[in-house]
């Protein structure tokens, strides 16, 4: 049995039917071919699969796609500026070397985007708290924190 869903993903409307047990992660990657969202642990612990649902970060591996019905989803593919240039957060991650293997990066960028939309001038502690649900096995977090803080300045310029 499939359930009808209607949602907006990265600004585009999607209408279709989906099995009720499919996760939002599976729906995004397999049905919409938005492979920027990664699966890490599959249990909502690592934050690799983080996307924005109505502007708030969620772990898409433990969120059913049918729960997104009527809502707006933003994945890493939807973060760039309308003119196709990098969002200040994406640019800062590159400029500050906050990307190593890149596996956690989409979730980190989306978490940072949500934080900065809610709090345009976070402290270092607030940044660290915001990304505490996103695990990075490579960087030690310092460059990620620096990039997020730098993107605040870039976004204002």
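The values are calculated or read from the model by the stated rules, or taken from the named source; none is laboratory data. This one's a predicted model, so the numbers in the text were calculated from it and none came from an experiment. So basically every Cβ, Gly included, is an ideal-geometry build from the backbone, and we count neighbours across all protein chains shown.
Values as computed for the structure displayed
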item	result
Condition check for residue 117: more than 17 Å from the chain's Cα centre (by Cα) and not in a loop (DSSP other than H, G, I, E, B)	no
Checking residue 137 against (1) within 18 Å of residue 52 (Cα to Cα); (2) touching a residue at least 12 places away in the same chain (Cβ under 8 Å), the condition it does not meet	(1)
Lone unmet requirement of (1) surrounded by fewer than 19 Cβ atoms within 10 Å (Cβ to Cβ); (2) over 19 Å from residue 113 (Cβ atoms); (3) not assigned by TED's automatic domain parsing to the domain that holds residue 133 for residue 54	(2)
Matching residues, segment 129-141, being loosely packed, with under 15 Cβ neighbours inside 10 Å and either modelled with pLDDT of 95 or more or in contact with a helix residue (DSSP H, G or I) (Cβ under 7 Å, 6 or more places away or on another chain) (or both)	129, 132
Sole residue being surrounded by 18 or more Cβ atoms within 10 Å (Cβ to Cβ) and not in a loop (DSSP other than H, G, I, E, B), chosen from 61, 46	61
